[in-house]
Structure formats: structure tokens, C-alpha cells
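Data first, discussion second: the structure below is written as C-alpha cells.
The values are calculated or read from the model by the stated rules, or taken from the named source; none is laboratory data. Please read these numbers as outputs of a predicted model, since none were measured by experiment. Heads up, the Cβs are rebuilt from the backbone with ideal geometry, glycines too, and the neighbour counts pull from every protein chain shown. With ligands, DNA and RNA removed, areas are computed over all heavy atoms of the protein, side chains included. Shrake-Rupley method; radii C 1.70, N 1.55, O 1.52, S 1.80 Å.
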Amino acid sequence: MSFYSHNSSADVDDHLRSLGWYHYDLSRHAAEALLLSNGSDGSYLLRNSNGGPGHFALSVRANNSVKHFQVTHTDNGYLFGFNKFSTLQDFIGHFANQPLVGSDTGTLLVLKRPYPWRVEEPSIYESVRVHTAIQTGRTENDLVANAPSLGTKEGYLVKQGLLVKTWKQRWFALSRHELKYFKDKMSDEPIRTLDLRECSAVQFDYSQNRVNCFCLVFPERTFFLCTKTAVEADEWIKILRWKLSQIQKGR
């Protein structure tokens, strides 16, 4: 069973399919959410990057952060920096014994365990049940009580500005107790990170004369967000309310 669907192209190499930790078109933000929530230091996965066919990103968790490395497939193998490997297994084997340097600060990353794409037992991912409950119209009160703080969701929302009350489309990524928004889906750094532990309420909003609008209430500001459809707004509200309920329970 897959945690998410994929839209991989038909020419994906059989070798990649057989890896078990190749996650196709998983986004950067979703990869971070999966590894931070269900992985451990040294967990890694391979996904398509934005560079087009033959370009991949290796996402690795270390010290409560996730680093991303570019890997390029050529006729002769896989390129990583100045290194060339005949197969991805050779690449992984090499860096299982020789740490990657993860950033300018010198964080060392050892590739310890692959993060699987296919899971025989869906219960490993309690978040699957979370999403199933949301998609079948149940309320946040019906969601699995002991689910870890994964419950990831991402997508475009239209947000009202603080000073100039204009509305702009932003890419939102929900992970653990944080809701981040970016200029667009391809942006690496968020414009802002909202800590849901400080959020007191999530509710539909009818004060802005816009349809499919909801708001998040924080001590210093109320954020107004809109979706394209009522179904999308309902899904966001349900999962955000579920997040708040888990935070209040101390989970």
C-alpha cells in the first residue's frame, strides 16, 4: 500500500522501481514531513527533483532536520558531486561508511536506513487513517487518537496580507505542529512558520466576503485563508482542528 499516489512518467527505470525507497514525485516539503515525523537520524529516501528526467534528490534526516542532495543519472551511472557510482546501491553503500557533509555548518550524515515507499502493514503509518477519515467525511473527533503528529497536508491557499489587505496565493505545508507557507511550491525557504501550539482556534470565516474561507486565531493575529472549493476548506479545517486537539492532549 502506498501512503500517497504518484504521477511518475512511464519511463521510470525498473531499477528505481525495485529500490523500495524511491518515492517518485514526492515533494521536498512532504519528504521533510515524512522523515521528521516517522523517520530517525540516518533515514533517507530518493525522489524526483525539479531538474527534469534523470535528476533526483536524496533526502536524509539528521539532527531533527532534513538535508537534500542532488543525484543525476547518466548512461554510465549516477553522479553525486564529483563522485560517480555504477548503481544507487554502490552510492548508498559508499556513504553508509563515509558520512555526507550535510551543510556549511559541517553536519555529518550517515545513510543508515531507507524510508520505504510500499508498506505491507498500513498501521505503520497511522496518518493513513487520518487522511482516510478526512476523505470519508468524518470529523476530527473520529480520527485515530494515538496517531503521531504526521497528518501532513500541503497545497495552495489564498492568504490575506497583514498590512495591505490584498489576497495572494501561497503554498502551505502542514507538518507536526507547524504550518509553513512559501511563495510558491518550488520555494525552499518558508516566508513564515506558524506554531500551532500557539493557535487557539480554527474555524470557517464569513467576515471577509469571500467563499471557502477559514481562519486561524493566534494571540497576535488572525490569519485568513481561502481555498478553491468548500471540500478543500473542510479538509484543511478538519486536519488543523485535529492537530490542535492532539496538542491539547499533549501528544
Spacing of the two label points (7 Å from each Cα toward its C-beta) at Asn209 and Asp184, in nm: 3.0
Considering the alpha-carbon set of the range 179-244 alone, what are its Rg and its Dmax in angstrom? 12.2, 33
Binned at 10 Å from zero, the C-alpha pair distances of the range 19-71 give percents of 28, 58, 14, 0
So, taking all protein chains as they sit and a 1.4 Å probe, how much accessible area belongs to Leu194, in Å² rounded to tens? 10
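Return the subset of Lys185/Lys249; Lys84/Lys112; Lys112/Lys183; Lys67/Lys249 for which the Cα-Cα distance in this structure is over 27 Å, preserving the input order.
Beyond 27 Å: Lys185/Lys249; Lys112/Lys183; Lys67/Lys249.
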State the Cα centre-to-centre distance between the range 175-204 and the range 24-40 in whole Å. 16
Obtain the nm distance between the two label points defined at Asn63 and Arg197 by a simple spin-label model: each point lies 7 Å from its Cα along the Cα-to-C-beta direction. 2.1
